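Please read the structure below before turning to the comments.
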Amino acid sequence: MMDNNWLEAALTQALTKPLTHWINLEQPLDFNNYIKAGGYMGAIKALKEFTPREVLTIVSDSGLKGRGGAGFPTGMKWSCVPALQKKLPLNQDTSTQESSYLICNADEMEPGTFKDRYLLEGVPHQLIEAMIIASYTISANKAYIFLRGEYVLAAKRLQQAIDQAYKNNWLGENIQGTDYQLDLYLHTSAGRYICGEETALINALEGKRAIPRAKPPFPQVSGLFGKPTVVNNVETLSNLPHILKHGSAWFKSLSPDSDAGTKLYAACGQVKNPGVWELPMGVTIRTLLYEYAGGMSDGMKLKGLLPGGASTDFLTEQHLDTPMDFDSISKAGSRLGTGGLIVLGDQHCPVAMVLNLLRFFAQESCGWCTPCRDGTPWVVEILTRIEQGKANHEDIAQLHELCDFMWLGKTHCALAPGAVEPLKSALHYFKEDFEQHIEQGCCPYDSSSSEGKEVSHDE
């Protein structure tokens, strides 16, 4: 049973917080209650009122961009599927069409990011409805949810929702009396960060080693099993039922920013109130940090933050009034990424933070290309010496060289460039901290050192 107070609040927020207004982490809506709440209305409109090409137009006009990090326009991505480039109506005779696949990327392993888990555990039927809409649009009759293996509760709830959808004719043959057919499979990942890269994900789904593929060809032309494939993030897809239900103009109206819709923003680190919130695209860093995350932990001041997860560049206090949208964060020198702030206080060591992140990336490298396979452990070795006070100034110069060695265009995929983004920006904004480690022969933030205490308080 749905609590009346919760139900009333959800109805009030339905048009302003479309992604999260039905979320209930304790007891997510089952099929019947999801239907009563207005669920699957977007899917039925897509299947019975629009052709796939008309759905594509609606999604394109909405301005929806990918919420997984890249921010690529969703409609443009779909339009590259060969079936959508044909002049004949789609899904009238599926036997004559080239089969396509839809994959939901739910392999959420970016440190500092936990927004998709919120959706997967809190409202699983929303994702299933979204995948029906997307699959119908790209002429896919098979779809997969590629789920992070550690998300055990999400897997349980998703499978229950999938079973309910099959039982009620929302999956399988002749969905809701139409000619459309869709089978949806849940695949739990063996667990590697690189599987979040869409072509490595496709290799893993095929049972191969999770190594990114060279592009072109892009997955929309040749992806899973050599067939046209679209890979979208959980949050990206979850917008679709609401766009189909309320229209493109409504979706644009949710944000005063140039980027349309709402976004799931998060914050963790040295903040009073870590969490995830659905807010209009373009909310400022200051608003997110101080109004929603509660500001800095007691006794701390802001030293820096990563605005979009672990593989983004540091920003500092001078950037607090920057809107959290793709273009503005890019102009500030970083990336919006997943929209998850990782906040560093002035009493914590930026070198230690970057070292912790680089250890993760070194461990998660697929090992396919030399800059990533050898470069990330090399960076970890140098940062370890700096943190222990055993380095010299030549080590800092070598870190700069490694950042260039591992940058875009010099690696097989974007893992290594993403790994050095926090390092590269830390060397810029926190240069003095690196130098103090070398000059003092220890970490100046080490509480066991009286010198460290003094430096900490001064900053």
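For K263, the residues whose amide H sits under 5 Å from its own are L279, M281, ignoring neighbours fewer than 5 places away on the same chain, with H placed 1.01 Å from N. Mean residue ellipticity, 222 nm, helices only, the chain: the sum of -39500 (n - 2.57) across DSSP H runs of n ≥ 4, divided by residue count and rounded to 500, is -12500 deg cm²/dmol.
Here's how it looks for N141: its modeled amide H is under 5 Å from those of S100, which are all 5 or more places away or on a different chain.
Net charge dipole, the chain: roughly 1620 debye, given to the nearest 20, about the Cα centre with Cβ charges of +1 for Lys and Arg and -1 for Asp and Glu. In this label model, Q363 and N168 are separated by 4.1 nm, measuring between points 7 Å along each Cα→Cβ vector. Distance between the 7 Å Cα→Cβ label points at T16 and D179: 4.5 nm.
For region 168-205, run through the GluC sites (Glu not before Pro) and keep only the ones in DSSP coil with at most 15 other Cβ atoms within 10 Å of their Cβ.
Numbers: sites: E173, E197, E198; in loops: E173, E197.
Counting only loop positions with at most 15 other Cβ atoms within 10 Å, the GluC sites (Glu not before Pro) in region 168-205 are E173.
If I take every Cα pair under 8 Å that is 6 or more residues apart in region 332-437, average their sequence separation and divide by the length, what percent do I get for the relative contact order?
Working: 89 pairs, mean separation 33.5, N = 106.
Relative contact order comes out at 32 percent.
Any idea what the relative contact order of region 4-253 is, in percent, if you count C-alpha pairs under 8 Å spaced at least 6 apart? List each step's numbers first, then the result.
Details: 435 pairs, mean separation 69.9, N = 250.
28 percent.
Each residue, V221 and K156, gets one label point 7 Å from its Cα in the Cβ direction; the gap between the two is 4.5 nm.
Any chance you could list the semi-axes, whole Å, largest first, of the equivalent ellipsoid that the Cα gyration tensor gives for the chain, using √(5λ)? Don't skip to the answer; put the middle values down first.
Working: eigenvalues 342, 128, 66 Å².
After scaling each eigenvalue by five and taking roots: 41, 25, 18 Å.
Mean separation of Cα pairs under 8 Å and 6+ residues apart, divided by the residue count of the chain: what relative contact order is that in percent? Present the calculation step by step, with values, prior to reporting the outcome.
On the way: 882 pairs, mean separation 65.7, N = 459.
Relative contact order, the chain: 14 percent.
Say the dipole of the chain comes from +1 at the beta carbon of Lys and Arg and -1 at that of Asp and Glu; which of M300, A204, Y40 then lies farthest toward its positive end? After comparing all options, I get Y40.
All of the numbers you see were taken from the coordinates with simple rules; none came from a lab. Since the model is a prediction, treat every value here as computed from it, not as a measurement. All Cβ positions, even for glycine, are placed from backbone atoms using ideal geometry, and neighbour counts span all protein chains on display.
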